[in-house]
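Step one of this worksheet: look at the structure below.
The values are calculated or read from the model by the stated rules, or taken from the named source; none is laboratory data. Model, not experiment: these values are computed from the prediction. Methodologically, a virtual Cβ is constructed for each residue, glycine included, from the backbone with ideal geometry; neighbour enumeration extends over all protein chains shown. Quick note on the areas: whole protein, heavy atoms, side chains included, nothing else; ligands and nucleic acids left out. Shrake-Rupley method; radii C 1.70, N 1.55, O 1.52, S 1.80 Å.
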Number of protein chains: 2
Amino acid sequence: MTDRLPHPLRSDALDNRERILDAARALFATEGLNVPMREIARHAGVGPATLYRRFPTKQMLATEAFADEMRACHVLVEEGLAEPDPWRGFCLVIEKTCELHARSRGFTEAFMSTFPEAMDFAAERAYALRSIAELANRAKDAGHLRPDFVLDDLILMLMANRGIHTISKTARVAASRRFAALVIQAFRASPQHSPLPPVARLSPAAPGKVM
Amino acid sequence: MTDRLPHPLRSDALDNRERILDAARALFATEGLNVPMREIARHAGVGPATLYRRFPTKQMLATEAFADEMRACHVLVEEGLAEPDPWRGFCLVIEKTCELHARSRGFTEAFMSTFPEAMDFAAERAYALRSIAELANRAKDAGHLRPDFVLDDLILMLMANRGIHTISKTARVAASRRFAALVIQAFRASPQHSPLPPVARLSPAAPGKVM
DNA sequence: AGCCAACCGGACGGGGGCGTCCGTTAGCGT
DNA sequence: ACGCTAACGGACGCCCCCGTCCGGTTGGCT
């Protein structure tokens with residue numbers, strides 16, 4: 001599940017690889033994607049060359065390091081879709097997504113910023129967005145989601161949730177929980193809401209050099 | 001209104017000073033506070049030494065560069081307070097604040113992150129928050145703002161609004177307008193909202209090195 | 001046990017930002 | 001018109017990060 005045929009990797013190499021991934025996960029989570037490669041290497045007790053040998057580019061490292069989160073994201077969306085009540089499913093997805101993103105600063109950055117080069121995340125992200133759009137439409141039909149909701153609003157919320165990455169981790173997941181609740185309140189259909197200002201195209205987001 | 005007595009500044013020096021501030025405003029707005037000092041100098045058509053002579057630290061430069069925004073922020077809050085309907089005033093403050101922050105990435109960073117060292121912004125920020133708290137209480141009493149709103153929720157929203165700084169400026173102010181509308185919807189008192197998750201302490205925000 | 005290839009990490013050169021020094025230029029007061 | 005001095009900016013040394021090369025080490029197979 002990890003590598004292809006070319007080399008089964010020697011035992012010490014495989015051990016290092018694992019320690020590198022652990023260090024990367026920890027540092028990406030707390031510091032974001034901008035941690036120096038060498039810092040990761042140091043933290044893993046490994047020379048810079050070894051790090052570069054295993055993961056020639058930071059992108060490849062990030063892809064492997066965030067595989068778990070990526071899977072969690074996929075699962076979370078499917079759970080939302082499976083929920084019989086679409087509005088409940090929609091809420092679940094928002095809550096879980098906010099929490100997931102609150103837990104790792106690096107994951108948020110990787111997930112949000114369509115990478116400079118092609119990124120495996122893009123496909124997964126597209127899948128998630130498509131599924132949520134489906135869910136949103138069902139929730140609208142059921143009359144629980146405000147009719148003027150558009151998918152870009154969700155992206156807006158994800159970008160916004162990204163903004164809370166300036167506080168300690170514990171406070172952050174608490175904050176993002178409350179944030180999710182407020183977001184849900186904002187999206188809930190209500191007799192008293194006034195028309196929303198027009199949407200802005202967000203999708204071709206220029207991420208401005210993340211890696 | 002600009003400098004103290006020690007030196008009335010020579011004409012060319014004053015001219016350079018002005019061009020530096022212009023460049024700083026432009027670059028801070030688009031690139032954020034992390035632009036290299038030299039880039040500002042280059043953009044102003046000035047040597048690095050001149051820049052450092054006028055503004056020994058980036059913090060001083062930022063303080064001067066954002067004086068207008070700071071004033072605008074002050075005025076905006078006072079307008080909100082002056083509004084006869086507190087809920088309307090509250091909404092106005094949110095809308096205007098979001099727009100103000102959407103217009104300059106650097107201002108958001110400066111305003112939000114209690115600077116590493118003491119910052120003149122802190123006082124202004126404290127004033128704004130105090131005033132908004134006052135406004136919020138009035139809006140609660142009038143029954144338009146949800147009773148479980150706390151000031152930290154507003155900070156949360158500001159931090160979130162900061163998250164949208166990854167898109168082009170035009171799209172950004174549109175996005176932040178819509179964001180503000182959604183935020184207002186989230187804060188409005190409503191019979192159907194469920195209890196919010198507990199707040200997290202945000203104020204002693206560890207900004208993690210901004211300058 | 002012994003060998004070989006896979007693997008390791010220290011060291012190197014390049015690039016960029018930082019804050020400061022100093023020889024030169026030019027504003028301004030007489 | 002002249003000179004004094006504030007003001008200028010190119011150049012310097014420092015540090016950190018980047019990605020790669022190479023001589024020494026060690027796992028694993030025979």
Exercise for the section: Specify which residue in the list A:ALA160, A:ALA65, A:ASN34 is farthest towards the positive end of the charge dipole of chain A, using unit charges on the beta carbon of Lys, Arg (+1) and Asp, Glu (-1), about the Cα centre. Expected result: A:ASN34
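Where Rh denotes the Kirkwood radius from the mean inverse Cα pair distance, what is Rg over Rh for the protein assembly as shown?
Working: Rg = 23.4 Å, Rh = 23.3 Å.
Rounded to two decimals, Rg over Rh is 1.00.
How do B:SER194, A:SER176 rank by accessible surface area computed with a 1.4 Å probe, from largest to smallest?
Values: B:SER194 65, A:SER176 0 Å².
So the residues, ranked largest to smallest area, are B:SER194, A:SER176.
Kirkwood Rh over Cα pairs of region B:58-134 into Stokes-Einstein at 10 °C, 1.306 mPa s: D in µm²/s? Walk me through the numbers on the way to the answer.
Working: Rh = 12.8 Å.
Answer from the Stokes-Einstein relation: 124 µm²/s.
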Fill in the blank from the handout: Plugging the Cβ-Cβ distance of B:TYR127 and A:ARG53 into 1/(1 + (r/R0)^6) at R0 = 41 Å yields, to the nearest 0.05, a FRET efficiency of 0.15
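Could you work out the mean count of beta carbons from other protein chains within 10 Å of each residue's beta carbon in B:50-59? Don't skip to the answer; put the middle values down first.
Working: counts 0, 0, 0, 0, 0, 0, 0, 0, 0, 0.
Mean partner shielding for this stretch: 0.
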Practice task
Would you please give the residues with an amide H less than 5 Å from that of B:LEU145, counting only those at least 5 places away or on a separate chain, with H modeled from the backbone geometry?
Solution key: B:LYS140, B:ALA189
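Based on Cβ point charges of +1 for Lys and Arg and -1 for Asp and Glu, what charge dipole magnitude is obtained for the protein assembly as shown about its Cα centre, in debye rounded to the nearest 20? Numbers along the way, then the final one.
Details: 56 positive and 50 negative charges, 130 e Å.
That gives the protein assembly as shown a dipole magnitude of about 620 debye.
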Exercise for the section: Check the protein assembly as shown and count each lysine pair with an alpha-carbon distance under 23 angstrom, considering only pairs eight or more places apart or from different chains. Expected result: 11
Problem - region A:56-64 - phi-based ³J(HN,Hα) in whole Hz, Karplus 6.51/-1.76/1.60, Gly and Pro as x - result: x, 10, 4, 4, 4, 4, 4, 4, 5
Handout entry: Pair-distance profile P(r), taking every C-alpha pair of region A:11-58, with 10 angstrom steps and integer %
Key = 30, 61, 9
Practice task
Mind putting together the pair-distance distribution for region B:67-187? All Cα pairs, 10 Å bins, whole percent per bin, short to long.
Solution key: 13, 47, 33, 6, 0
Fill in the blank from the handout: Simple SL model, points at 7 angstrom along Cα→Cβ for A:GLU134 and A:HIS7; separation in nm is 4.1 nm
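Can you classify region B:1-83 as rounded, prolate or oblate using the Cα gyration tensor, where a ≥ b ≥ c are the square roots of its eigenvalues, rounded means a/c under 1.5, and otherwise it's prolate if a/b beats b/c and oblate if not? It would help to have the intermediate numbers written out before the result.
On the way: a/c = 2.73, a/b = 1.52, b/c = 1.79.
Taking the square roots of the gyration eigenvalues as a ≥ b ≥ c, region B:1-83 is oblate.
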Problem - Exposure of A:TRP87 as accessible area (Å², to 10), given a probe of 1.4 Å and all protein chains - result: 20 Å²
Problem - Separation in nanometres of the label points that stand 7 Å from Cα toward Cβ, at B:THR170 and A:GLN192 - result: 3.7 nm
Exercise for the section: Rounding to the nearest 20 debye, state how big the charge dipole of region A:67-187 is about its Cα centre with +1 on each Lys and Arg Cβ and -1 on each Asp and Glu Cβ. Expected result: 500 debye
Practice task
Evaluate the distance, in nm, between pseudo-label points positioned 7 Å from the Cα of A:GLU39 and of B:GLU78 along their respective Cα→Cβ axes.
Solution key: 4.3 nm
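Go through region A:71-138 and name the GluC sites (Glu not before Pro) that are in a DSSP coil and have 14 or fewer other Cβ atoms within 10 Å of their Cβ. It would help to have the intermediate numbers written out before the result.
Working: sites: A:GLU78, A:GLU79, A:GLU95, A:GLU99, A:GLU109, A:GLU117, A:GLU124, A:GLU134; in loops: A:GLU117.
Taking region A:71-138 and a limit of 14 other Cβ atoms within 10 Å, the loop GluC sites (Glu not before Pro) found are A:GLU117.
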Fill in the blank from the handout: Short to long, in 5 Å steps from zero, the percent of alpha-carbon pairs of chain B per bin is 1, 7, 14, 17, 17, 15, 11, 7, 5, 3, 2, 1, 0
